[in-house]
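The values are calculated or read from the model by the stated rules, or taken from the named source; none is laboratory data. Keep in mind that this is a model prediction, so the values were computed, not measured. With ideal geometry, Cβ positions are generated from the backbone for all residues, glycine too; neighbour counts draw on all protein chains shown. Surface areas here come from the heavy atoms of the whole protein model, side chains and all, with no ligands, DNA or RNA. Shrake-Rupley method; radii C 1.70, N 1.55, O 1.52, S 1.80 Å.
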Amino acid sequence: LVGLDDEGRFLPVSSVFEEWEEDREKKLPIGTIISTIKRLLKEQKDKAAKHQTFEVLRLEKKTMLRSGTAQSPLRGKDVRIVECSESYVYILNSTHRVSVLGCIDCTIFVGAAVSLSINACSRVKIIATAKNCRVTNCVDTTIYLCTNHKPQVIGDTRAVVFG
């Protein structure tokens, strides 16, 4: 077994070395096998680091300002803001995906995102720039949105104001 798939399971040799399946009698130099394994492991490590998620969990009556650091930049990452109440959250860097889940009485600023998803929130004010926006099951929410596409409003969404 050589290499790992997306779920961390080992791959058989035949899926990594296409030549192996074509000619099973062919002998591969050990240096080729080792360098290919190292390359595959490095690619997986880079892929995992690129798609890490930054989470803001259960803030209460607080203000949070995030722009990332040199060691942990937010650029290109997924951001999840979950179950916050009476708080202010500012995400200043561009991000890949921002999900706002179950927040109450919050103000959230998103500098730039490819995708913005707002689920099960009430009395929330969101100021954002996003390519796509989806609002699901929100009540009494105000959204100031700059987007190229129409926002998707889904489910039991009531008293939502777009500005």
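A few comments on the model shown:
- Near the amide H of Thr129, within less than 5 Å, lie the amide hydrogens of Val110, Ala112, Ala113, Cys146, all on another chain or at least 5 residues away, with H placed in the peptide plane.
- For Val56, nonlocal amide neighbours, meaning residues 5 or more places apart or on other chains whose placed amide H falls under 5 Å from its own, are Arg80, Ile81, Val82.
- Links that overshoot a 32 Å alpha carbon limit, given the list Lys62/Lys131; Lys38/Lys131; Lys42/Lys125: Lys38/Lys131; Lys42/Lys125
- In order along region 103-118, the Karplus-derived 3J(HN,Hα) couplings, from 6.51 cos²θ - 1.76 cosθ + 1.60 at θ = phi - 60°, round to 8, 9, 6, 10, 10, 10, 10, 10, x, 7, 8, 6, 9, 10, 10, 10 Hz, and Gly and Pro are given as x.
- Peptide ranges 147-156, 52-61 listed from the most packed, as the mean C-beta count within 10 angstrom indicates: 52-61, 147-156
- A 1.4 Å probe run over region 59-148, with the rest of the protein chains in place, finds 48 Å² accessible per residue.
- Accessible area per residue was computed with a 1.4 Å probe on protein heavy atoms; Tyr144 scores about 100 Å².
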